[in-house]
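Engineer: This structure is in structure tokens; I'll ask about it shortly.
The values are calculated or read from the model by the stated rules, or taken from the named source; none is laboratory data. Since the structure is predicted, the reported quantities are computational estimates derived from the model, not experimental observations. Positions of Cβ are backbone-derived with ideal geometry, glycine not excepted, and every protein chain shown enters the neighbour counts. Each accessible area value is taken on the protein alone, full model and side chains, heavy atoms only, with ligands, DNA and RNA left out. Shrake-Rupley method; radii C 1.70, N 1.55, O 1.52, S 1.80 Å.
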Amino acid sequence: SKAEMRHTCRGTINLATANITVEDSCNFIISNGGAQTYHLKASSEVERQRWVTALELAKAKAVKMLEESDDSGDESVSQTDKTELQSTLRTLSSKVEDLSTCNDLIAKHGTALQRSLSELETLRLPADSTEKIKQVNERATLFRITSNAMINACRDFLILAQTHSKKWQKSLQHERDQRIRLEETLEQLAKQHNHLERAFRGATVLPASAAGTAGSAKDPCCAAKGDLSDEDDDNEFFDAPEIITMPESMGHKRTGSNISGTSSDISLDEQYKHQVEDTKKEKRTRIPYKPNYSLNLWSIMKNCIGKELSKIPMPVNFNEPLSMLQRLTEDLEYHELLDRAAKCESSLEQLCYVAAFTVSSYSTTVFRTSKPFNPLLGETFELDRLEENGYRSLCEQVSHHPPAAAHHADSRHGWTLRQEIKITSKFRGKYLSIMPLGTIHCVFHSSGHHYTWKKVTTTVQNIIVGKLWIDQSGEIEIVNHKTGDKCNLKFVPYSYFSRDVARKVTGEVTDPSGKVHFVLLGTWDEKMDCYKVTLGAGDNGEGRQRAHEAEDSRVLLWKRNPLP
């Protein structure tokens, strides 16, 4: 708003007080003495010099404008004030002209008077009359000098009035502007107050245990949101209205004894038992509906090109209601692949299942363009599925900048999985690349086989225009550190011109000598198959192709579960 123009917005540097320094052939720095510093790089020395020259000229102009702020004030004066001012100045000028005319007349008459007195002196008059004439002459001279001084003082006054009138006018205008701004602010506050009152009334009407809570709660907020957007079309986001209603059946309901603080009848152990009983409820089969607010992503992202994703402020409806730790734990959705791998006699077969497990972790990403929330430092997510699936998992945020998480999972079926994931990302305008760094380890207890691999790059496409979609690309090398067996998986990037199936993944399982034993084929969002290669080394190229086609050797390793 206009009120902020004086204070400028965050991140700006006032050129009038800026320091522009050259660092080397292409780099230069602009700073305002500590609070804000920009390091800029030009493509060549010539371009850098052009920029520095342009900035120095702009700085000189800004300094000049600061010194001659009187002139800039002139522009803001309203037309009626200008005419009023000019008429006053005209009146003053005419009065000064009158005074100067009088001055000329006085000078003329004074000269004539002195001449007459001089003539009188030359006449032969008595001695005492000559003395008198001299006195009159002196007085006439003195009168002339005084009148001259008065005229000069009047002229100085006029110049001074002309100079300062602009400053006074500017001050007056500033006061008027401030008053108008204050009125506008008060009006806006009154509207907001009214809007909040309405929202509050709408929230308090709801009964606590109403069945259709969510539905009825939605209406007042939507109405309020509409009102707000009418007032200011530029508003892009709205704070979530805090209309939270607690069902009566919740375990954490505050009782009378809690409030009085005198109850010590129930021991902690008993309370814990109740809590454990409460948690053994049926798991939910559906998740709450996500409100679909239209979101102009480009308006947020255009200022963030080249930045690291963790430094970009995102509107909350760009997120999905999960922590990054929970999203990482979702890698264990197809844990039965590792359970089956633990039972394999052959290390090469085991490697096929581990490969399918690595691909399975991407199965839901195709539909999920939302970003999980950044966890707090030290935040944990624990998943205990010992009873149903025989494993438990713990994930913790171990670094805030850069964000990094450590994940550990143990299974009764004979495997341990651990990973430390750091995510770096780059926004390139049209797409966003997310590169997970860090290694994933999987150890099978009975055989002692220890596998490691890394994740591939995820790309979010159509940031500017169109529907967001996700692609996975790159290669994963899974190594068995005990036997030396390797599996190389290739995630084929999507191409508009390719006739291949979309989201394709291919792979080969080789022994330490490099001989191929299994070929893997599938897609990262549907399923993975494996084909056994049964050929000598001589014609492995053609033979492998034929093995591909041999349906009888095909084994389905993994198929995606239907989405909830």
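Engineer: I'd like to check one number: the per residue accessible area of segment 15-65, probe 1.4 Å, reported in Å² as a whole number.
Structural biologist: On a per-residue basis, segment 15-65 sits at 67 Å².
Engineer: Quick one: which of K59/K82; K504/K532; K343/K482 span more than 25 angstrom between C-alpha atoms?
Structural biologist: K59/K82
Engineer: Then there is this: Which pairs break 30 Å Cα to Cα here: K61/K95; K290/K430; K290/K454; K108/K167?
Structural biologist: Details: K61/K95 39 Å; K290/K430 26 Å; K290/K454 32 Å; K108/K167 40 Å.
Beyond 30 Å between Cα atoms: K61/K95; K290/K454; K108/K167.
Engineer: At a Förster distance of 22 Å, what's the computed FRET efficiency of Y431 paired with A54, Cβ-Cβ distance as r, to 0.05?
Structural biologist: The pair Y431/A54 has a calculated efficiency of 0.10.
Engineer: Once both labels are modelled 7 Å past Cα along the beta-carbon direction, what's the A203-E526 spacing in nm?
Structural biologist: Result for the modelled spin labels: 4.8 nm.
Engineer: Related question: Using mean Cβ contacts within 10 Å as the protection proxy, how do 192-198, 168-174, 437-443, 502-508 order, highest first?
Structural biologist: Descending packing order for the listed peptides: 502-508, 437-443, 168-174, 192-198.
Engineer: Counting Lys and Arg as +1 and Asp and Glu as -1, what is the net charge of the other residues whose Cβ lies under 13 Å from the Cβ of K134?
Structural biologist: Residues close to K134 contribute a combined charge of -2.
Engineer: A follow-up question, please. At a 1.4 Å probe radius, carbon and sulfur cover how many percent of the accessible area of segment 15-65?
Structural biologist: Here carbon and sulfur together make up 58 percent of the probe-accessible area.
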